[in-house]
Amino acid sequence: MYFPLRAEAPEYQRRILDALREPLESGELVLHRAAGTATYPARFQLVLAANPCPCGQATGKGIDCHCSAQQRRRYFDRMSAPLLDRVDLQLAVHRVALQDFSGTATADSSAAVATRVAAARAAQHERLSKWELSTNAEVPAPLLHNELRLTRKATVSVDKKMERAAITKRGYDRVLRVAWTIADLTGRSSPNADDVTTALLFRAQEEAA
C-alpha cells in the first residue's frame, strides 16, 4: 500500500493513520454500521515515508532548516507509537553525497535478488505448510515461542531490550519474524544471533547500541 498524491505520511491526520493499526494487525477491515457489521480481507504491505522535518532540510548539518523543535515534534507526532510499533523495517535514508556518484560499488541485479527471494519464500512454505501457513509474516506468537522457539543465545539482543522495557511484546515478535526472513534469505535453517540483531537494528536504527 502507498499514499497517493502526498509523499509524506505525517501530512495525514493522526486519526487517519491510526485507522490502519487494526487492519495491519488482524489482516481484516471491519465496518460497524447500524444495519450490521461487514468484514473484508485487508492483507497489505504498508510503506510510510517522512522527511526529517516539515521543510525537509534537516539533513547533514541541517543549516538550511528553519523548523522549530515544536514544529518537528508536531510533524512526527502524526505517526503514533502504536502505529510505528507495527512497522517492521524503519530505515533512515540520508542525502546522496558527491562521492556516491563516483563510487565503484555495484549492487546485485534484480534477477539475482528475485532468485534469492523466491528461494526464501520456498523455504518458508516448506517449514510452515504443516501449520497451513506460507510466510513468516503469518506466524502467530504461540508458534514463534513454542515449535519455532529460538535459543536464548540467538535472542540475547532482543531479550535485553525486552528486559529494559525498550520494546513491546508485539515488537519482540515482529523482530523474530524478520529474523526468520533474514535467515531464509541467507539460506540458514534458523536465525542466529546476528540475524536477530540485524532485525532489531532494522526496526529501530536509532537504538543501535
Points 7 angstrom from Cα along the Cβ direction at Ala137 and Ala81: gap in nanometres?
-> 2.6 nm
Charge context of Arg43, other residues only, Cβ under 12 angstrom, K/R +1, D/E -1 | -3
Given a Förster radius of 35 Å and the C-beta distance between Ala107 and Gln71 as r, what FRET efficiency does 1/(1 + (r/R0)^6) yield to the nearest 0.05?
-> 0.45
Averaged per residue, the 1.4 Å probe accessible area of region 86-209, protein heavy atoms only, in Å², is roughly 64 Å²
If you stretched the chain out fully between Val93 and Leu201, how much longer would it get, using 0.36 nm times the residue separation minus the C-alpha to C-alpha distance?
-> 37.5 nm
Mean separation of Cα contacts under 8 Å, 6 or more apart, over the residue count of region 1-98: relative contact order % = 33 percent
Once you list every other residue whose beta carbon is under 13 Å from the beta carbon of Gln71, what net charge do they have if Lys and Arg are +1 and Asp and Glu are -1?
-> +3
Note, region 52-63: 3J(HN,Hα) by Karplus (6.51, -1.76, 1.60, θ = phi - 60°), whole Hz, Gly/Pro = x, goes x, 6, x, 8, x, 9, 7, 10, x, 7, x, 6
Karplus-derived 3J(HN,Hα), 6.51/-1.76/1.60, for each residue of region 27-43, Hz, glycine and proline x = x, 9, 10, 10, 10, 9, 9, 4, 7, x, 10, 10, 10, 10, x, 8, 8
Taking Cβ-Cβ under 4.7 Å as the only way to count a partner, pick out the unpartnered cysteines of the chain.
-> Cys55, Cys65
Sequence-distant residues sharing a close amide H with Leu29 (under 5 Å, placed H) | Tyr40, Ala42
Qualifying lysines (Cα of each under 19 Å from Cα of Lys161; at least 8 residues distant if same chain) | Lys153, Lys169
Counting only protein heavy atoms and using a 1.4 Å probe, what share of the accessible area of the chain belongs to carbon plus sulfur, as a whole percent?
-> 55 percent
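The values are calculated or read from the model by the stated rules, or taken from the named source; none is laboratory data. Quantities reported herein were computed from a predicted structural model and do not represent experimental measurements. Cβ atoms come from the backbone with ideal geometry, glycine included; neighbour counts cover every protein chain shown. What goes into the accessible areas is simple: the full protein's heavy atoms, side chains included, and nothing from ligands, DNA or RNA. Shrake-Rupley method; radii C 1.70, N 1.55, O 1.52, S 1.80 Å.
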